[in-house]
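Inspection log for the structure reproduced underneath, given as structure tokens.
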Amino acid sequence: MIRLDSITKQHGKQILFLDASCAMFRGEKIGLVGPNGSGKSTIFRMIMKQEEPDGGAVAVDKGTTIGYFSQDVGEMSGQSVVAATMDGAGPVSEAAARLRKVEEGLADPERADEMEALIEELGEAQAQFEQLGGYALDAKAREILAGLGFAQEVMDNDVGSLSGGWKMRVALARILLMKPDAMLLDEPTNHLDIESIIWLEQFLKGYDGALMMTSHDREFMNRIVSKIAEIDGGELTVFTGNYEFYMQQRAILDQQQEAQFERQQAMLAKEEAFIARFKARASHAAQVQSRVKKLEKIDRVEPPRRRKKLRFDFPDAPRSGDDVARLEGVHKSYGDKIIYDGLDMLIRRGERWCVMGVNGAGKSTLLRLVAGAAEPTSGKVTVPPSVKMGYFAQHSMEILKADDTVWDTLVTHHPHASIGSLRTLGGVFGFSGDDIEKPCRILSGGEKARLVLAVMLFDPPNFLVLDEPTNHLDMDTKEMLIEALEKYEGTMLFVSHDRHVLRKLSNRVLELSPGSVHQYGGGYGEYVESTGREAPGVGA
């Protein structure tokens with residue numbers, strides 16, 4: 001259906017692709033992987049003809065419909081959420097627009113003389129709309145929107161009143177409703193909660209078209225794709241299997257290339273030592289010349305491209321007392337909406353609580369109460385003086401000063417740290433080279449989040465309260481953070497929509513449901529096993 005034939009593409013001085021090829025066939029589900037800036041989004045834009053390759057060709061079979069979801073959703077306002085979703089449904093949305101136009105014409109007194117022609121066109125428009133499944137479209141649109149987390153009453157509100165994250169969900173719903181021959185999805189899970197991610201997973205499993213997607217959610221990728229297309233150093237390499245299998249294969253290939261390179265280097269060193277030793281001796285002239293010619297003809301094995309494993313050993317957190325936080329009879333309400341009614345909870349040293357619940361259940365509110373960023377309506381939240389807390393939420397970025405650079409920020413918060421350790425810290429959180437001199441005002445949301453986490457974790461508190469800490473982190477940075485937090489010996493209370501993070505970091509689960517709170521003694525894996533569901537809003 002879609003082919004990239006020997007494409008070459010350069011952005012400024014950076015070569016993204018050099019004679020790279022890849023094909024996508026009907027029914028295939030491909031995960032596109034590569035470091036940030038390697039050209040994943042560029043591939044999507046070339047397929048959509050928004051960019052052209054510098055060399056080679058991108059071919060799309062005639063008549064192939066493509067739905068492209070990117071992080072740039074454009075302007076949305078002036079119509080309901082459900083109407084905005086239906087507007088993206090391809091031919092059926094055009095038929096709906098035609099039908100509306102004819103109906104408006106019939107209602108216009110000034111067009112009374114066209115009544116006969118309009119009635120005839122109305123019949124044609126209705127037949128076309130029905131043939132395209134238009135009358136079922138509203139129900140289908142609402143079903144998809146519900147799956148992506150929209151309440152029924154919100155679906156009829158103006159789409160312009162939504163936040164950016166919810167507009168992204170509308171843009172995604174459009175593509176899913178369109179059901180094109182091929183879908184290109186660039187980070188579709190970025191703004192979704194865990195219930196919506198699980199729903200989308202099921203939807204895409206049942207989708208029979210071709211799919212190419214990027215995602216920083218490895219669990220999501222694992223369950224959907226059956227091929228991985230890796231961008232690395234200008235090349236496109238396709239691996240058959242899911243993301244986990246790709247990681248295993250990539251590790252084996254790296255080891256093989258490393259061993260092959262080292263063997264050849266050892267052989268070259270031996271030959272060059274012989275040449276250096278005997279080149280001045282006439283008795284060995286023939287042997288020396290023979291070996292020189294042999295070395296000239298050898299195909300040199302490329303040194304392995306080092307996929308730098310991001311790693312940082314954070315200092316040990318100071319030890320707290322046994323009781324880290326206690327909630328007693330906590331009642332919290334916003335107007336008439338009751339979030340908690342008599343919540344009791346004790347968090348003890350070394351526990352790692354993940355908080356789960358559907359949208360509006362009060363996950364972030366609980367973290368705010370524990371962190372002291374919100375007060376209970378009644379009841380008591382106690383955090384002893386021995387607890388040194390680190391609280392990360394999306395508003396944490398407010399601590400960054402607009403005109404300070406990344407480097408200024410690191411030095412300001414840790415003035416006694418060595419230059420080397422701060423540079424390493426910046427590097428593992430994605431700020432290497434010139435990036436460390438970027439002023440905070442130009443950083444993206446994801447970059448700001450990384451910087452705040454770097455500042456917090458370099459001198460770690462003994463109690464971490466984290467609200468979606470891995471949002472917008474790429475796979476490598478996320479893995480580094482997970483590894484660091486696995487070794488962390490303090491206490492954690494966190495919210496995450498990433499099942500890999502939940503599985504790796506939790507040893508307790510707090511499930512918030514309307515009118516009830518359940519505490520589970522094991523981690524997320526045990527929670528799934530005992531309840532038969534992956535999230536509170538998902539049926540067993």
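Number of residues in segment 260-277 that are among the aromatic types (Phe, Trp, Tyr) and over 48 Å from the mean Cα position of the chain (by Cα) equals 1. Filtering segment 375-406 to residues that are over 22 Å from Gly445 (Cα atoms), in a loop (DSSP other than H, G, I, E, B) and in contact (Cβ under 8 Å) with a residue 12 or more places away in the chain leaves Pro376, Thr377, Val383, Pro384, Ser386, Val387, Lys388. Glu201 passes every criterion in (1) outside any helix (DSSP H, G or I); (2) under 18 Å from the mean Cα position of the chain (by Cα); (3) surrounded by fewer than 22 Cβ atoms within 10 Å (Cβ to Cβ) apart from (1). In the set (1) surrounded by fewer than 13 Cβ atoms within 10 Å (Cβ to Cβ); (2) more than 32 Å from the chain's Cα centre (by Cα); (3) not in a strand (DSSP E or B), Gly342 fails one condition alone, (3). Looking only at segment 142-184, filter to residues that are more than 23 Å from the chain's Cα centre (by Cα) and charged (D, E, K, R); which one of those is surrounded by the most Cβ atoms within 10 Å (Cβ to Cβ)? Across segment 142-184, the extreme among qualifying residues is Arg142.
The requirement of being among the acidic types (Asp, Glu), farther than 30 Å from Leu211 by Cα and in a helix (DSSP H, G or I) is fulfilled somewhere in segment 121-141, by at least one residue.
The residues listed here are Glu483, Glu526; of these, the one that is surrounded by fewer than 18 Cβ atoms within 10 Å (Cβ to Cβ) and under 22 Å from the mean Cα position of the chain (by Cα) is Glu483.
For Val81, are the conditions met, namely being over 30 Å from Arg26 (Cα atoms), crowded, with 19+ Cβ neighbours inside 10 Å and either touching a residue at least 24 places away in the same chain (Cβ under 8 Å) or small (Gly, Ala, Ser) (or both)? Judged against the criteria, Val81 is a match. Among residues of segment 16-31 being farther than 14 Å from Arg3 by Cα and at pLDDT below 95, the one that is surrounded by the most Cβ atoms within 10 Å (Cβ to Cβ) is Phe17. Only a single criterion out of (1) without any contact (Cβ under 8 Å) to a residue 40 or more places away in the chain; (2) within 16 Å of the chain's Cα centre (by Cα) is not satisfied by Phe245, namely (2). Of the residues Lys49, Lys40, the single one that is under 23 Å from the mean Cα position of the chain (by Cα), among the charged types (D, E, K, R) and not assigned by TED's automatic domain parsing to the domain that holds Met155 is Lys40. Segment 407-518 holds helices (runs of 4 or more DSSP H) entirely within its bounds, and those carrying 1 or more residues that are modelled with pLDDT of 90 or more and of a type outside the set (A, V, I, L, M, F, W, C) map to 419-428, 475-487, 499-505. Considering segment 333-348, and only residues there that are of a type in the set (Val, Ile, Thr) and at pLDDT below 95, the residue that is nearest to Thr382 (Cα to Cα) turns out to be Ile339.
The values are calculated or read from the model by the stated rules, or taken from the named source; none is laboratory data. Computed from a predicted model, the values in this text were never measured in an experiment. Counting neighbours? That spans all protein chains shown, and the Cβs are built from the backbone with ideal geometry, glycine included.
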